[in-house]
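Read the figures in this text as sums done on the coordinates, not as results from a lab. Keep in mind that this is a model prediction, so the values were computed, not measured. For neighbour counting, all protein chains shown are included, and Cβ atoms are generated from backbone atoms with ideal geometry for every residue, glycine included.
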Amino acid sequence: MSMLAASRFLLDGRSYGYHVAKGNRTWDNERAVEIPVIWDALQSRGHSRGVLEVGNVLGHYFPIAHPVLDRDERHRTVTWNEDVLAFEPPFAPELVLSISTLEHVGMDKRPRDPTQFRQALDAILGWLAPGGRLLFTVPLGYNRGVGEYLDAPHAARTSLRCARRITLENLWVQAAYDEVRAYRYNRPFTCANAIAIVECTA
């Protein structure tokens, strides 16, 4: 854990420190990389007005001022306990953030429905204010619907970056999507072995 805390990773040439915390064992999974990237995007904005987070993640690690949608988690930072597919926000967000949440849509039910991942994306894009952005991370190899979405062009998708885990100590490097598209979840390392960081614009 101490080695990871002293290490850094590069994304598009920019250096980030790993997020090392006991909560959800970030030192041993993809959140070590996802959280710094998404948190930096929020901090770069300079304020929380017009921001909405889908999935209660950042509030476990930082003081936050933006509202949070999370279907199941009862927590002081959660604003709404509703399903993303049925939710209608009371404002048009300028920025929606989501960390390893959208891949669960349709996968926590029986029978599983991978198509609901794309339905969730379309719903969120429909919330956005003109010019608004959706920035989200998802693991590869967990939900077939994620791979189908990433394999095909999408008019609203403006950026697709990927990273892959390379060591047992949870070090990560940036990778091309074609390099990691066939990666599997939980193999060889626990949890995600590759992630996609995706940005869409309304």
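Numbers for the structure displayed
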read-out	value
Separation of the E82 and M107 label points, Cα + 7 Å toward Cβ, nm	2.5
Segment 138-185 - Debye-derived log10 I(q)/I(0), Cα point model, q = 0.16, 0.30 Å⁻¹	-0.47, -1.29
Per-residue [θ]222 nm for the chain (sum of -39500 (n - 2.57) over DSSP H runs n ≥ 4, rounded to 500)	-6000 deg cm²/dmol
Neighbour-count ranking [beta-carbon atoms within 10 angstrom, fewest first] of C200, C191	C191, C200
Interchain or long-range residues, amide H under 5 Å from R112's placed H	none
Debye log10 I(q)/I(0) for segment 1-51, one point scatterer per Cα, at q = 0.31 Å⁻¹	-1.15
Fraction of antiparallel bridges per DSSP, the chain only, in percent to nearest 5	70
P(r) histogram, all alpha-carbon pairs of segment 1-119 included - 5 Å bins from 0, percent	2, 10, 19, 20, 20, 15, 10, 4, 1
Sorted by Cβ density within 10 Å, fewest first, the residues F9, F91, F117, F189	F91, F189, F9, F117
Principal axis dimensions, the chain - Cα atoms, whole angstrom, descending	43, 35, 32
Calculated from backbone phi, Karplus (6.51, -1.76, 1.60) coupling profile of segment 26-34 in Hz, x at Gly/Pro	4, 5, 10, 8, 5, 5, 4, 9, 4
FRET efficiency, N186 to S48 (Cβ-Cβ, R0 30 Å, nearest 0.05)	0.30
Exposure proxy ranking, count of Cβ atoms within 10 Å, fewest first, for L69, L42	L42, L69
For segment 1-51 versus segment 149-202, the gap between their alpha-carbon centres in whole angstrom	15
Paramagnetic reach from A21 (point 7 Å along Cα→Cβ, amide N under 17 Å) across segment 64-91	64-70, 73-79
